[in-house]
1. What pairs come up if the first residue lies in segment 61-74 and is under 15 Å from residue 138 (Cα atoms), the second is crowded, with 24+ Cβ neighbours inside 10 Å and polar (S, T, N, Q), and their beta carbons are under 6 Å apart, counting only those six or more places apart or on different chains?
2. Using the structure shown, decide if residue 111 is over 22 Å from residue 135 (Cα atoms), buried (at least 16 other Cβ atoms within 10 Å of the Cβ) and of a type in the set (A, V, I, L, M, F, W, C).
3. Name the one entry in 190, 175 that is surrounded by 15 or more Cβ atoms within 10 Å (Cβ to Cβ), touching a strand residue (DSSP E or B) at 6+ places or on another chain (Cβ under 8 Å) and not basic (Lys, Arg).
4. Being of a type outside the set (S, T, N, Q), surrounded by 21 or more Cβ atoms within 10 Å (Cβ to Cβ) and modelled with pLDDT of 95 or more is the filter here, so list the residues in segment 85-98 that pass it.
5. Before we move on, is residue 144 modelled with pLDDT under 95 and either closer than 25 Å to residue 37 by Cα or of a type in the set (S, T, N, Q) (or both)?
6. Output the number of the condition that residue 186 fails; it satisfies all remaining conditions of (1) of a type outside the set (D, E, K, R); (2) touching a residue at least 60 places away in the same chain (Cβ under 8 Å); (3) closer than 28 Å to residue 136 by Cβ; (4) assigned to a helix (DSSP H, G or I).
7. Within segment 40-84, take every residue that is touching a Gly at 6+ places or on another chain (Cβ under 7 Å) and charged (D, E, K, R) and give me the one that is modelled with the lowest pLDDT.
8. Mind checking which pairs have a first residue in segment 124-137 that is part of a strand (DSSP E or B) and buried (at least 17 other Cβ atoms within 10 Å of the Cβ) and a second that is modelled with pLDDT under 95 and among the acidic types (Asp, Glu), Cβ under 8 Å, 6 or more apart or different chains?
Amino acid sequence: MYTTLLMETKEHVYTRKASYQAYAIDLDKLYYHKIIRAVQRFSDNPKGRLLDVGCWDGMLASQFLPVREVYGLEGNLEAGERANQRGVKTQSVDLEKGFPFENGFFDTVIAAEIIEHVYDTDLFLKEIKRVLRPGGTLVMSIPNMASLSNRIRMLFGAYPRNAEYRAGGAGHIRFYTAPVFKAQVQEAGFEVLDYAGCNLPLPMHNPLLPKWLKKFAAFGGDYFPNLAGQVILASRKPT
């Protein structure tokens, strides 16, 4: 399904607003497209080492093979094994205890939908900064607590999405809005280059939603990231 996603994304890496004709009907593919687009736009070494923190089964990280040397960190042993089978050099680690790499080892780090699962988020960002070389690129994403849909839900007294109050579920223990996310990355010493939303929170999986409206939601994520369901941020470690 994602075999040619990186190739397709390359057509649009130098323009902020990509063509979403092919992705508007597939929310997962749209999200991957925007992560890859951020990496391709802002990485100054397109063949350098890449680390995917919390890589799961390697679906995203493997998109950068064989051009890059790709590594992964994953707490789930079964998922990590699937990532290895895809060619991602994956290790099973506790992200709360640091990363098993030397300083400045990577040109690019991806941490997609991970920081909200971490107890010590400052240490997490410190470790990312440590393993990135000076001038290296960091691309992160978070679920947005202040998305348009959550604002509407809370206005009517409903519980917001992605905020769990008991064990289980997705395991989110930190809750971000787009401005707080951006501020913490800056406070960690990164230079923020760009941030965008995946899409405005419309029912993208609903086959009854018109395709033009799905495409509008995809564009809307770029223009109004503070309202999007997920926020994608690109930053750089200072030289």
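The values are calculated or read from the model by the stated rules, or taken from the named source; none is laboratory data. Remember, predicted model here, so these are calculated numbers, not experimental data. Cβ sites come from the backbone with ideal geometry, for glycine too, and all protein chains shown count toward neighbours.
1. As it stands, the answer is 72/90, since those pairs meet every condition given.
2. When the stated conditions are applied, residue 111 does not pass them.
3. 190
4. 88
5. Criteria not met by residue 144.
6. The single condition residue 186 does not satisfy is (2).
7. Here the residue is 44.
8. If the second residue must be modelled with pLDDT under 95 and among the acidic types (Asp, Glu), the pairs left are 137/44.
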